[in-house]
Amino acid sequence: MSETDFIGREEEIAFLEDLWNQKGFITCTVWGRRRIGKSTILNRFMEGKRALYLQGIEGSYYENLSSLSLDVSKFLEKEIPQAKDLTHLMEMIEDICREEHTLLIIDELPYLLRSAPQASSVIQKSIDRVLKNTDCMFVICGSAISVMRRETENSDRPLYGRFEHTLQVKGLSPEACRKLHPEMDDETSLRWYCTVGGIPMYHRIKDSSSFSELVKSRFLGHIDSWRNDAPNVILQEFNGKREYTGAVRCIADGSVRQSEIAEKMHIDRAECKRILDDLEFVGILERRMPMAGAPKKPVYSIKDPFIAFHYKVLSPNMRSIDNSRSPDALYYTLENDISSHIGHVFESLCGEWLDSNYPVLERGQWWGRIDGEDTDIDIVAKIADNGRTIRTIVGECKFSRRPMGFGTMNTLKSRANSAGLRENVSFALFSALGFDEELEEYAEENGIALIDGQTILGEKKPPELFRSLSPIT
């Protein structure tokens, strides 16, 4: 494996290594969405260790039993008879773990459970009867987050309480993804991140391509296209239940409140809330919270950039995409939609960057009517400064084609004043392509934080938001 496969995964590897260095029986659950890099992390972690790696497959009980038996045979470096059943298989594993310090991994556990629901009970009995008395680190891993959560967190499931530690593998940060593209310019890197998010697989591309060429080759062509991956990610996560893709589509179409989504889907509000909660838990959706007395309830948006790109840009134009033979013409047609998508994702990205670099207590948005028109403020955050005073950060985010100028600053101040944000307020401007010189001079003199694309990509240090608060180090 290339060293680039592990950029941004230092904390995950260190966490697992720390568990490995502990004596006695150690258990850990590893989960995260598909293509996030879980198996890659585990394969690197296995290096140099006495490791038995077993992997569930999409197949029948017999096929899984056969495949897992071969995994054991490979570890033993000799041919063995296929296990009679899962209990027999676990007995072979127990014998291996009794001998010395061993790393035991069952990857894609949800596949195994689909073909053999009794697997949880068999594993539980093996843990309680034998494995807990061994010097073994036992890791279970899976991409179906809802299944992994149910099996380990629900008190009525056999594995409840058996897996003490949890590693949630999340998407890479913009800073980590930037390191995957050393030959790509900053603007293209940031645009691509806003399109595909932090999924490592979608960043294994040729750096010489422009952003438009990347979109055309990966989404608008007819060979090796990713354009149907997004709904498949949702369906695989939730066992093919179409109400989950339906909820995401409702939000993409503009129904962003729970009541609206329930009405469009013809389901009751309790069922709708369960679906939305599940989608939020796995990182597909997020709730945007009203701040500063915004006169509306929370609204939902699609958090995952890759899934948002599908439902906001590709899906409404899928007939044209499927029928067209000219990616160039398609890109020209979709360019405004793509720019709008990137702008919305950039807002979320700026909020997440703020959370990562400062002690944010609460963050959301303000929306309402000013002079008879609907308007909003992209970021309203509460932060406790070093003097323990609660300060309010009011921010505007723009991914424009040119550096940000004074117009945005003036608009933000006017909106903050209309929203009643006047005490202990500091302003922050986020602009992917930087700021004009006049605004930079004014910001320096008046304590306004300017955060450009290079700062978000980790190439510049985060600024002080106000004199008494430095960024987290």
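The values are calculated or read from the model by the stated rules, or taken from the named source; none is laboratory data. Note that this is a predicted model, so its numbers are computed, not measured. In this analysis, Cβ positions are derived from the backbone assuming ideal geometry, glycine residues included, and neighbour counts consider all displayed protein chains. Remember, those area values only see protein heavy atoms, side chains included, never the ligands or the DNA or RNA. Shrake-Rupley method; radii C 1.70, N 1.55, O 1.52, S 1.80 Å.
Taken over the stretch 422-435, the criterion of being part of a loop (DSSP other than H, G, I, E, B), at negative phi and open to solvent by 20 Å² or more (accessible area, probe 1.4 Å) is satisfied by 422, 423, 433. When 110, 81, 117 are screened for being under 20 Å from residue 143 (Cα atoms) and either out of contact with any strand residue (DSSP E or B) (no Cβ under 7 Å at 6 or more places or on another chain) or modelled with pLDDT of 95 or more (or both), only 117 passes. The set of residues from the stretch 306-341 being open to solvent by 20 Å² or more (accessible area, probe 1.4 Å), in contact (Cβ under 8 Å) with a residue 12 or more places away in the chain and either of a type in the set (Phe, Trp, Tyr) or touching a Cys at 6+ places or on another chain (Cβ under 7 Å) (or both) comprises just one member, 331. Summed over the stretch 284-300, residues that are surrounded by fewer than 19 Cβ atoms within 10 Å (Cβ to Cβ) and closer than 21 Å to residue 145 by Cβ total 2.
The residues of the stretch 222-237 that are surrounded by fewer than 17 Cβ atoms within 10 Å (Cβ to Cβ) and either in a helix (DSSP H, G or I) or of a type outside the set (A, V, I, L, M, F, W, C) (or both), listed by number, are 222, 224, 225, 228, 232, 235, 236.
Of the strands (runs of 3 or more DSSP E) entirely within the stretch 96-213, those holding at least 3 residues that are among the hydrophobic types (A, V, I, L, M, F, W, C) and crowded, with 20+ Cβ neighbours inside 10 Å occupy 102-107, 136-142.
Residue-by-condition table, conditions (1) touching a helix residue (DSSP H, G or I) at 6+ places or on another chain (Cβ under 6 Å); (2) within 30 Å of residue 356 (Cα to Cα):
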site	(1), (2)
164	no, yes
187	no, yes
197	yes, yes
204	no, yes
222	no, no
233	no, yes
247	yes, yes
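Residue pairs whose Cβ atoms lie under 6 Å apart, separated by 6 or more positions or on different chains, with the first residue in the stretch 73-92 and assigned to a loop (DSSP other than H, G, I, E, B) and the second not aliphatic (A, V, I, L, M), are 79/73; 80/73; 82/66; 82/69; 83/69.
Screening residue 390 on (1) touching a residue at least 24 places away in the same chain (Cβ under 8 Å); (2) touching a helix residue (DSSP H, G or I) at 6+ places or on another chain (Cβ under 6 Å) shows it passes everything except condition (2).
Of the residues making up the stretch 47-72, not one is β-branched (Val, Ile, Thr), open to solvent by 50 Å² or more (accessible area, probe 1.4 Å) and within 21 Å of residue 94 (Cα to Cα). All of (1) open to solvent by less than 20 Å² (accessible area, probe 1.4 Å); (2) touching an Asp or Glu at 6+ places or on another chain (Cβ under 9 Å) hold for residue 276 with one exception: (2). Can you tell me which residue is nearest to the chain's Cα centre (by Cα) among those in the stretch 401-447 that are aromatic (Phe, Trp, Tyr) and within 22 Å of residue 371 (Cβ to Cβ)? Looking at the filtered set, the residue picked out is 427. State whether one or more residues within the stretch 24-40 are crowded, with 17+ Cβ neighbours inside 10 Å, modelled with pLDDT of 95 or more and in a helix (DSSP H, G or I). Within the stretch 24-40, not a single residue is crowded, with 17+ Cβ neighbours inside 10 Å, modelled with pLDDT of 95 or more and in a helix (DSSP H, G or I).
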